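Student: I'd like to ask some things about the structure below.
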Amino acid sequence: MPIDAVPAGKRFFIHTFGCQMNESDSSRMAEALLRDGWAAAEAPDAADLIVLNTCAIREKAEAKVMSALGRYRLVRAQRGARLGVAGCVAQAEKARLLERVPYLDFVLGPDQISELPRLARATGAREARTDFVGSEEYVFPRADPRGVGAQVSAFVTVMKGCDNVCSFCIVPHTRGREVSRPVPEVESEVARLVAAGVREVTLIGQNVNSYAGGCTFAELVRRVAKVPGLQRIRFTTSHPQDLSPELMRAFAEVPLLMPHFHLPVQSGSSAVLERMRRRYTCDDYRAKIGSLRALVPDLALTSDIIVGFPGETDQDFAATMALVEELRFDNLYSFIYSPRPHTSAMRHLGEWGEVAREVAVRRLERLQARQREISLEKNRAFVGRTVELLVEGPSRTDAAKRMGRTRWNQVVNFEGLAPAGALAQVRVDAASVVALSGVERSHELPPVGVEPSHPSGRRLRVL
Ligand code: SF4
């Protein structure tokens, strides 16, 4: 395929769907294109290259990709823009996508990001690059610190893929087997990001608990916590089966590890969990949460729940509601089961029994309504308290305010002057289901350059 140099002034637009892994991959794609001479476009209709970085986790997510492609078809026709699909839909569909979408120029799997600059410049034949790269040869794309701009918080990929085969999940098919990133690579990426102004990192992977890049995941957290200048660590996502006592202790012993844990339970019925192939029972999950809360009493806990999984009875759903009542999650991401190709749940749909759509919708509404009440009660308990925030910048909902996150990952919109990167003390005076609001009392300016994260090294400003 002929390859042209990137003509001056050519711009790209990346439309990202789905999870943090995709957000992180989109950043790596953007950095690769910038290095190759492209500039970023503000909007798709000003772009000469449009890449959709896609999610295949639910049918609805896939439908959104198809409808976006329909819109971008026009830009391609009017501007001669190149159009590509990357991410999980690309991986699941491979070259078939070129047949389904005749105006698509290329298809790029998640392991093939390094091929993007070549595919972006290529002219001529349409191409699909979707090979998985084995654990021996896989090289994790490195974050370019120039790409973080004014960001205070950044994702750092520590592993990819998943060796579990939960019966509802397409991820093993789209992201392949687990590959862990070597410890020194993770440490040096965090150090480079901190030197560029990042104060918080979220270590990401499909199942970070099974990290095996030279030490356990708990040990990796401890090693990352030693990077000078770093102030906060978070991670996502985790499988309850692989949650070790060592990682639980890290929450209590590593001051930089924030007291917020996302641990997907998926259902409150052990019978459903068995069909989901989750390899734990509700009692196992309860016991792990009990141990965690004994170590870290103020831990914020969030989770994922699927309702309407094949064969879910009223009793199964009642057990899910009871678990939500008992564990009182701070927040829940809940969805109706979506049959995905290449999964065993889809193959067993007839045998296990499909839950009628209207039943699943009713269950989801009940679950979400109750969770909203719990989240609101939990947020209201913060009213009157003064909490520490890592300030991220202007509020997205009120231009006159600033925005930061608590240690428990709540968004707080506040009146104050604290710059991005500062740690602010904010008195909370109101709470909603999704956010808190308040007034700044004081802030500590971010360290200058790379300084130790010890509080004694910070400069204090009292309002
Ligand atoms: S642990 Fe299960 S749900 Fe999570 S990515 Fe792996 S297969 Fe999917």
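A short reminder: the numbers here are calculations on the coordinates, not readings from a lab. None of these values were measured; they are calculated from a predicted model. With ideal geometry, Cβ positions are generated from the backbone for all residues, glycine too; neighbour counts draw on all protein chains shown.
Student: If you build the Cα gyration tensor of the chain and take the root of 5 times each eigenvalue, what three semi-axes come out, in whole angstrom, biggest first?
Tutor: Rounded to whole Å, the semi-axes are 34, 31, 22.
Student: Something else about it: Just want the answer: with Cβ charges of +1 for Lys and Arg and -1 for Asp and Glu, which residue in Ala120, Leu364, Ser334 is farthest toward the dipole's positive end in the chain?
Tutor: Ala120
Student: Classify segment 11-129 as rounded, prolate or oblate from the Cα gyration tensor: take a ≥ b ≥ c as the square roots of its eigenvalues, call it rounded if a/c is under 1.5, otherwise prolate when a/b beats b/c and oblate if not.
Tutor: rounded
Student: I've got another one for you. Put +1 on the Cβ of each Lys and Arg and -1 on the Cβ of each Asp and Glu in the chain; which of Val355, Leu273, Cys19 then has its Cα farthest toward the positive end of the dipole?
Tutor: Projecting each Cα onto the dipole axis, the largest value belongs to Cys19.
Student: Net charge near Met159, counting Lys/Arg +1 and Asp/Glu -1 over other residues with Cβ under 11 Å of its Cβ?
Tutor: +2
Student: Additional query: Please name which of Val387, Pro110, Gln91 has its Cα lying farthest along the dipole of the chain towards the positive end, using unit charges on Cβ (Lys, Arg +1; Asp, Glu -1) and the Cα centre as origin.
Tutor: Towards the positive end, the residue furthest out is Val387.
Student: Quick check on the exposure proxy: order Tyr138, Tyr285, Tyr333 from fewest to most C-beta atoms within 10 angstrom.
Tutor: The order, fewest Cβ neighbours first, is Tyr333, Tyr138, Tyr285.
Student: Further question on the same structure: Mind running the shape call on segment 246-305? Use the C-alpha gyration tensor, a ≥ b ≥ c as the square roots of the eigenvalues: rounded below 1.5 for a/c, prolate if a/b tops b/c, oblate otherwise.
Tutor: Taking the square roots of the gyration eigenvalues as a ≥ b ≥ c, segment 246-305 is prolate.
Student: State the cysteines of the chain left without a partner when partners are defined as other cysteines whose beta carbon lies under 4.7 Å away.
Tutor: For the chain, the answer is Cys19, Cys55, Cys88, Cys162, Cys215, Cys282, because their Cβ atoms have no other cysteine Cβ under 4.7 Å.
Student: Another question about this same structure. Do any GluC sites (Glu not before Pro) in segment 92-143 lie in a loop, going by DSSP, with at most 13 other beta-carbon atoms within 10 Å of their beta carbon, and if so which?
Tutor: Glu136, Glu137
Student: Going down the table (Lys60/Lys288; Lys288/Lys401; Lys160/Lys288; Lys288/Lys378), which pairs top 29 Å between alpha carbons?
Tutor: As for pairs spanning more than 29 Å Cα to Cα, those are Lys60/Lys288; Lys288/Lys401.
Student: Fewest first, what order do Leu273, Leu389 take by the number of other Cβ atoms within 10 Å?
Tutor: The most exposed by this proxy come first: Leu273, Leu389.
Student: Something else about it: Assuming a ≥ b ≥ c are the square roots of the Cα gyration tensor eigenvalues, decide whether segment 145-380 counts as rounded (a/c under 1.5), prolate (otherwise, with a/b larger than b/c) or oblate.
Tutor: Prolate shape, in that a/c is at least 1.5 and a/b is the bigger ratio.
Student: Moving to a separate point now. Quick one: Lys60, Lys94, Lys160, Lys401, fewest Cβ neighbours within 10 Å first, how do they rank?
Tutor: Neighbour counts put them in this order, fewest first: Lys60, Lys94, Lys401, Lys160.
Student: To the nearest 20 debye, what charge dipole does the chain have about its Cα centre, counting +1 at the Cβ of each Lys and Arg and -1 at the Cβ of each Asp and Glu?
Tutor: 760 debye
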